[in-house]
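Q: Sharing a structure with you now.
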Amino acid sequence: MNDIVDGFVQAFQLIVSLDPEVLGITARSLEISLAATLIASLIAIPLGGLIHFREFGGKSGVITVIQTLYALPTVLAGLLVFLLISRAGPLGFLGLLFTPAGMIIGQTVLVIPLMIGMTLIALSGVKKSIRDEVVSLGATEGQTILTLVKEARFAILGGIILGFGRAISEVGAAMMIGGNIRGYTRILTTAIALETSQGNIPLSIALGIILLAIAMVVTTGLYLIQER
Amino acid sequence: MIEFSHVDKSFGEKVVLRDLTFRVEKGEIFTLIGPSGSGKSTILRLINLLDDPSSGTVSFDGQDTAVPNREKVGMRRRMAMVFQKPMAIRGNVYDNVAIGLVFRKEKGAGIKNRVSEALALVGLSGYEERKASTLSGGELQRVAIARALAMNPKIMLFDEPTSALDPEMIKEVLDVMLALANEGMTMVVVSHEMGFARAAASRVIFMDEGRIVEQGQPDQLFDAPKEERTKIFLSKVLQI
């Protein structure tokens, strides 16, 4: 019990003293997960719009697959991207394995299904009468999607925040693709896993508190958006 | 301007329109009346290319509307539809009136002038900065008409534009429609407002169960209907 209490005390000292290692890991985590969330948004929102608006054979099957992939295990996403960017993989020549860029790709793959799904749910919430009137006004397909995404923007933003939450809290893909290299690809989750296994409990707790704080900010943001 | 030729329309098992053939000429005020579910609104949706006929052809300006989506956008841009429940996008009245012009990639100054002119025509000059969410139902419907007018359409389609309004707001919308009719705008109107149909329509069509039961000039149809079904319908609605 004392170890845990001591761990918390030392953790707060590390945070309050702005320990460079803690700050570096936190900044890297935020950079990678924010970049992944941004890229995933740029892909998932238009794709979600197209799936929502277009009628095509197998649409419900596609939506079911997307919903299934909400629960895509992070290690599976990691394995998929690992196979793509490892030296022997089709994108091996890019040298992305064990780099932050590779980790961004991994997290992007992980959160895209969730964000497509959230976009679909958000657009389903826009009344059909609004869609009809926008189309009636002479909007092209792209203009229609853009207008309705604007109408559903708070719900879509909720999806983006959920995606960010999934990205920053995942450990499997980051470990497999990033390799947990100190000062380069080590992020909050991989650092907690490593430091705990090495018995460095105070640093693990400090990083855990920061991760929780970020999760709390994300959840509060989501709540505020849903209240609007 | 509009021509339906042997048009059928079904939604799944439900047959909504049956072998419909008619023309709407330029400058006509073509008014559709009939009980709910008789297919009136579906006709407007087919004209506006929001739905496709199950069989038969719908033509606009001599061109079949069974065209790829991209061409449909071009055809829609020559007409405008006012819906039963007017849409209000987030933003102010200006944004709501300008949206169709923005889709057409009109330039800023041109949009501003057209929005002002359109708002003046519906009696809402100076409303540009008002939040759309603060407007009454009647004002919102007039904004919807201004939005349609701003696009300078060749034909306007009205789908029961007063049915969702409080009684005191109905007149303000009907007055705008009457003014448009007097200016020679081609209009296809679905309405339960028999007073409007009598005053403004050049032709009234009574529909039931997806078919045209009877049609004629307003005086003829309202004062001396030939079909029993028309007589029954009119006796009910004119009593109210």
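Q: Once Rh is set to the Kirkwood radius over Cα pairs, what Stokes-Einstein translational diffusion coefficient, in µm²/s, holds for region A:106-223 at a temperature of 37 °C and a viscosity of 0.692 mPa s?
A: 197 µm²/s
Q: What average number of partner chain Cβ atoms lie no more than 10 Å from the Cβ of the residues making up B:95-103?
A: If you average over the peptide's residues, the count of other-chain Cβ atoms is 3.
Q: Determine ³J(HN,Hα), in whole Hz, for all residues of region B:79-96 in sequence, where each value follows from phi through the Karplus function 6.51 cos²θ - 1.76 cosθ + 1.60 and θ = phi - 60°; x replaces Gly and Pro.
A: My calculation for region B:79-96 gives 9, 8, 10, 10, 8, 4, 10, x, 7, 10, 7, 4, x, 9, 4, 4, 4, 5 Hz in order.
Q: Might you report the magnitude of the Cβ-based charge dipole of region A:2-227 about its Cα centre, with Lys and Arg at +1 and Asp and Glu at -1, to the nearest 20 debye?
A: Using only the charged Cβ atoms, the result is roughly 580 debye.
Q: May I pose another question? Using the Karplus curve 6.51 cos²θ - 1.76 cosθ + 1.60 with θ = phi - 60°, what ³J(HN,Hα) values do you get for each residue of region B:194-210, in whole Hz, with x for Gly and Pro?
A: Result, ordered by residue: 5, x, 5, 4, 5, 7, 10, 5, 8, 8, 10, 10, 9, 10, 8, 6, x Hz.
Q: Continuing with the same structure: Among the chymotrypsin sites (Phe, Trp or Tyr not before Pro) within region A:124-228, which fall in a DSSP loop and have no more than 13 other Cβ atoms within 10 Å of their own Cβ?
A: In loop regions of region A:124-228 (DSSP not H, G, I, E or B), the sparsely surrounded chymotrypsin sites (Phe, Trp or Tyr not before Pro) are A:184.
Q: What is the extension gain from residue A:154 to residue A:19, computed as 0.36 nm multiplied by their sequence separation minus the C-alpha to C-alpha distance, in nm to one decimal?
A: Full extension of this stretch gives 45.0 nm more.
Q: Same structure, new question: Using alpha-carbon pairs under 8 Å, 6+ residues apart, how would you state the relative contact order of chain B in percent?
A: 26 percent
Q: What's the Cα-based Rg to Rh of region A:1-78, Rh via Kirkwood?
A: Ratio value, two decimals: 1.25.
Q: So with the 1.4 Å probe, I'd like the accessible area per residue for the protein assembly as shown, rounded to whole Å².
A: Counting only protein heavy atoms, the per-residue value for the protein assembly as shown is 47 Å².
Q: Moving on to the next point. Rounded to the nearest 100 Å², what's the accessible area chains A and B bury against each other, both chains counted, probe 1.4 Å?
A: 1700 Å²
Q: In region B:154-216, which GluC sites (Glu not before Pro) fall in coil by DSSP and have 14 or fewer other Cβ atoms within 10 Å?
A: B:183
Q: Moving to a separate point now. Out of all DSSP beta bridges with both ends in chain B, state the antiparallel percent to the nearest 5.
A: Taking every DSSP beta bridge with both residues in chain B, the antiparallel ones total about 55 percent.
Q: Long-range amide H contacts for residue B:155: which residues qualify at under 5 Å (H placed 1.01 Å from N, peptide plane, sequence gap of 5 or more or a different chain)?
A: B:80
Q: Additional query: Mean residue ellipticity at 222 nm from the helices of the protein assembly as shown, using -39,500 (n - 2.57) per DSSP H segment of n ≥ 4 over the full residue count, to the nearest 500 deg cm²/dmol?
A: Helix-only estimate at 222 nm: -18500 deg cm²/dmol.
Q: Residue by residue, what Karplus-based ³J(HN,Hα) values in Hz, rounded to whole numbers, does region A:4-12 have, using 6.51, -1.76 and 1.60 with θ = phi - 60° and x for Gly and Pro?
A: 5, 4, 4, x, 5, 4, 5, 4, 5
Q: Residues of region B:190-222 with the amide nitrogen closer than 15 Å to a label point 7 Å from the Cα of residue B:231, along Cα-to-Cβ, please.
A: B:214, B:221-222
Q: For region B:22-109, what is the charge dipole size about the Cα centre, in debye to the nearest 20, if Lys and Arg each add +1 at the Cβ and Asp and Glu each add -1 at the Cβ?
A: My answer is approximately 320 debye.
Q: Give the angle, between 0 and 90 degrees and rounded to the nearest 10, that separates the Cα long axis of helix A:201-227 from the longest principal axis of the Cα atoms of chain A.
A: 20 degrees
Q: Related question: Provide, in order from the shortest bin, the percent of all Cα-Cα pairs of chain B in each 10 Å bin, continuing until the bin that contains the maximum pair distance.
A: The calculated distribution, bin by bin, is 8, 31, 35, 21, 5, 0.
Q: If you don't mind, another one. Note down the accessible area of residue A:140, probe 1.4 Å, to the nearest 10 Å².
A: 50 Å²
Q: Separate question: Write out the trypsin sites (Lys or Arg not before Pro) in region B:133-173 meeting two conditions: DSSP loop, and at most 16 other Cβ atoms within 10 Å of their Cβ.
A: B:154
Q: Another one. Could you work out the Rg to Rh ratio of the protein assembly as shown, with Rh taken as the Kirkwood radius (inverse of the mean 1/r over all Cα pairs)?
A: 1.15
Q: Over chain A, with a Gaussian network built from C-alpha contacts below 10 Å, which listed residue (A:60, A:204, A:129) shows the highest mean-square fluctuation?
A: The residue that fluctuates most here is A:129.
Q: With the alpha-carbon atoms as the only input, what is the per residue convex hull volume for chain A in Å³?
A: Taking the convex hull of the Cα positions in chain A, it is 147 Å³ per residue.
Q: Label point 7 Å out from residue B:183 along Cα-to-Cβ: which residues of region B:79-100 have amide N under 19 Å?
A: Label zone hits: B:79-83, B:94, B:96-100.
Q: To the nearest 0.05, what FRET efficiency results for residue B:217 and residue A:129 with a Förster distance of 35 Å applied to their C-beta separation?
A: 0.60
Q: Restricting things to alpha carbons, tell me how big region B:1-141 is in terms of Rg and Dmax, in Å.
A: Values for region B:1-141 (Cα only, Rg and Dmax): 17.6, 50 Å.
The values are calculated or read from the model by the stated rules, or taken from the named source; none is laboratory data. Keep in mind that what you see is a predicted model, and the values were worked out from it rather than measured. Reconstructed Cβ throughout: ideal geometry from the backbone, glycine too, with neighbour counts over all protein chains shown. Ligands, DNA and RNA are excluded from the accessible area calculation, which covers all protein heavy atoms including side chains. Shrake-Rupley method; radii C 1.70, N 1.55, O 1.52, S 1.80 Å.
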